[in-house]
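The values are calculated or read from the model by the stated rules, or taken from the named source; none is laboratory data. Because the structure is a prediction, the values reported are computed rather than measured. Cβ coordinates were reconstructed from backbone atoms using ideal geometry, including for glycine residues, and neighbour counts include every protein chain displayed. Just so you know, the surface numbers come from the protein's heavy atoms only, side chains and all, with ligands and any DNA or RNA stripped out. Shrake-Rupley method; radii C 1.70, N 1.55, O 1.52, S 1.80 Å.
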Amino acid sequence: MADERTLVLVKPDGVQRALVGDVISRLERRGLHLVGLKLLLIDRALAERHYAEHREKPFFGDLVGFITSSPVVAMVWEGPGAVAMVRSMMGATDPANAAPGTIRGDHAVSIGANVVHGSDSVSRAAEEVALFFEPGELVEWTSAQAAWLH
Ligand code: IDP
Ligand code: MG
């Protein structure tokens, strides 16, 4: 499986509920590694680009309003098959359908406040990473630096 990068956001509800550490811990223990990390308040322009695919949906206004309402943690995680792996660890979009053991299945009840975002394809991941991070903010692990990575 090729190494992939994926964008993960801990959404405003996850940050406020002190779930940042839990999300990071799950992804670390799984064996993915961090290549970028920041805390930021998303502005409207970034939110509208990030969620552009949902522009015509009835919940778009609420979605943009929520993601811009308080700080989020944005991260880039790397590893073999990372995009699909993170999606499976997040659980279904609607927490009512999210399996126990997933982030949403363990921590959420509301489809709007569902703790995390994860890119849904390799191509979209590249676009989302570029929306949130400058190239210089991402770490290229060398094999020597990665000696203790698993
Ligand atoms: P995803 O986050 O699992 O990729 P998407 O379909 O891309 O789900 O939707 C983006 C976000 O929009 C979801 O995480 C959720 O918070 C919100 N959302 C999706 N569908 C609905 C809906 O029907 N009502 C309200 N919010 C929704
Ligand atoms: Mg999505």
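Scanning region 106-118 for residues that are over 12 Å from the mean Cα position of the chain (by Cα), among the small types (G, A, S) and buried (at least 19 other Cβ atoms within 10 Å of the Cβ) yields a single hit, A108.
Among the residues of region 26-63, which ones are free of Cβ contacts under 8 Å to residues at least 60 places away in the same chain and β-branched (V, I, T)? Within region 26-63, just I42 meets the criteria. When the residues of region 122-147 are filtered to those that are open to solvent by less than 40 Å² (accessible area, probe 1.4 Å) and assigned to a loop (DSSP other than H, G, I, E, B), the one that is nearest to ligand 1 (Cβ to nearest atom) is F133. For region 57-74, a residue qualifies if it is under 20 Å from L40 (Cβ atoms) and within 16 Å of ligand 2 (Cβ to nearest atom), and the qualifying residues are L63, V64, F66, I67, V72, A74. Whenever a residue of region 83-111 is closer than 13 Å to V8 by Cβ and more than 15 Å from ligand 2 (Cβ to nearest atom), it has no partner that is modelled with pLDDT under 95 and outside any helix (DSSP H, G or I) lying with C-beta atoms less than 6 angstrom away and at least six residues away or across chains.
The rows are residues; the columns are (1) open to solvent by 20 Å² or more (accessible area, probe 1.4 Å); (2) out of contact with any helix residue (DSSP H, G or I) (no Cβ under 8 Å at 6 or more places or on another chain); (3) farther than 19 Å from S119 by Cβ; (4) charged (D, E, K, R).
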| position | (1), (2), (3), (4) |
| --- | --- |
| V8 | no, no, no, no |
| R29 | yes, yes, yes, yes |
| L46 | yes, no, no, no |
| P71 | yes, no, yes, no |
| V76 | no, no, no, no |
| G81 | no, yes, no, no |
| R104 | no, no, no, yes |
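Among the conditions (1) over 30 Å from A146 (Cβ atoms); (2) within 11 Å of ligand 1 (Cβ to nearest atom); (3) not in a loop (DSSP other than H, G, I, E, B), the only one that R49 does not satisfy is (2). For R87, the conditions (1) closer than 29 Å to A147 by Cα; (2) charged (D, E, K, R); (3) outside any strand (DSSP E or B); (4) out of contact with any Gly (no Cβ under 8 Å at 6 or more places or on another chain) are fulfilled apart from (4). Applying the condition of being open to solvent by 70 Å² or more (accessible area, probe 1.4 Å) and within 12 Å of ligand 1 (Cβ to nearest atom) to region 56-69 and asking which residue is farthest from the chain's Cα centre (by Cα) yields P58.
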